[in-house]
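Please treat every number below as a calculation from the coordinates, not as lab data. From a predicted model like this one, the values you see are computed outputs, not experimental measurements. Note: ideal-geometry Cβ built from the backbone for every residue, glycine included; neighbour counts use all protein chains shown.
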Amino acid sequence: MDDADYMRIAIEQSTKGDWPYGAVIVKEGAILVKGFNTSTRDRDPTAHAEVNVIRAAFRTIPGLSLTGCTLYTSSESCPMCTGAFLWAGVSRVVFGASIQQLTDVGQPQIDTSSQSIIRTAFGEVELTGGVLAEEALEVVRGWRKQVIDVAQIGKVYAQLDPPIWLVTAADGGRRGGFIATTVAQASIVDLMPRQLITVNKRHHTHELIEASGAFAMHLIDETQLELIWRFGLQSGRDVDKLAGLTFHAGATGSPLLADAVA
Ligand SMILES: [Zn+2]
């Protein structure tokens, strides 16, 4: 395996990140750890890919130094991560896209190169940049497009201001959900709240509702527009739309989203 091979793994990790960054630590040709940015899911703005893999690496080896290790990171490290790999004693760092390239595609950065910080520090770190930079940038561009699309969806829904209902169902190991396009109030009696929902028969979730005889409904609010992207724009046949969200089994056995409004 060469630099490009390890970088490809770091880039592959970057596709899983909350922000589009991934990293791998390699020691004597073997992958010690790999990881990605988890800032959103951990509610930790310091959970950059490099910090995550450095912390994970120390859970696999004794001592307080990663000397002899190479850190591969899909994008040039920010000052915080450069500080982290300097303190960790990493011998070599290889990055894909540069801070300048990230800035050029609109991704906000602290405008200080990794090299300029290394220069001020003790010890020696060999730095190599630009390995598969274009592939790394492609992931960043794709991530940005998705974020922008979610913002667009938000703008449209803010104009219409409809209540948005997420419908989920599960059958055995299969689970899925969709954003209901038609929900009508079918009762004006508070004690007997009834709603009419239309489900397209070709929908994957329709199969699950038929098979399990049950479903769950969730009212979602404007802070949960990411759910529209997740449930509205892909097919449950291809992906597990519920992956990474917190669900528990509701009264009907269908998955209930933990933080739905109702
Ligand atoms: Zn960083």
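Below is a table of values for the structure above.
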read-out	value
Cβ-derived FRET efficiency at R0 51 Å, Q195 paired with E134, nearest 0.05	0.55
Pairs of alpha carbons in the chain whose separation is greater than 29 Å (percent)	45 percent
Choice from S39, S187, S98 with maximal GNM fluctuation in the chain (Cα, 10 Å cutoff)	S187
Most fluctuating residue given options F247, F85, F95, as computed from a GNM of the chain linking Cα atoms under 10 Å	F247
Region 23-146: relative contact order as a whole-number percent, Cα under 8 Å and 6+ apart	22 percent
Prolate/oblate/rounded call for region 8-66, Cα gyration tensor, a/c under 1.5 rounded	oblate
Global geometry of region 33-105, whether rounded, prolate or oblate, following the gyration tensor of its Cα atoms and the 1.5 cut on a/c	oblate
Extension gain, E12 back to L219 (0.36 nm per residue minus Cα-Cα distance, nm)	71.1 nm
Local electrostatic count, F36, Cβ distance below 11 Å [Lys/Arg +1, Asp/Glu -1]	0
Local net charge near D171, Cβ-Cβ under 14 Å (Lys/Arg +1, Asp/Glu -1)	0
DSSP loop GluC sites (Glu not before Pro) with at most 10 other Cβ within 10 Å: longest gap in the chain	125-262
Extension gain, T60 back to A251 (0.36 nm per residue minus Cα-Cα distance, nm)	64.5 nm
Loop trypsin sites (Lys or Arg not before Pro), region 184-259 (other Cβ atoms within 10 Å of the site Cβ: 11 or fewer; DSSP)	R194, K201, R202, R237
Within a Gaussian network of the chain (alpha carbon springs, distance under 10 Å), most fluctuating of T198, T70, T181	T198
Cα centre as origin, Lys/Arg/Asp/Glu Cβ charges: the chain dipole, Debye	520 debye
Relative contact order (%) - the chain, alpha-carbon pairs under 8 angstrom, separation at least six	13 percent
Shape of region 98-140, Cα gyration tensor, a/c cut at 1.5	oblate
Trypsin sites (Lys or Arg not before Pro) restricted to region 34-73 and DSSP loop, no more than 16 other C-beta within 10 Å	R41, R43, R59
Spin-label model distance (nm) - E210 vs S187, 7 Å beyond Cα toward Cβ	2.7 nm
Under 21 Å from the Cα of K201 - lysines, other chains or at least 8 residues apart	K241
Euclidean distance of C-alpha centroids, region 30-69 and region 80-132, integer Å	16 Å
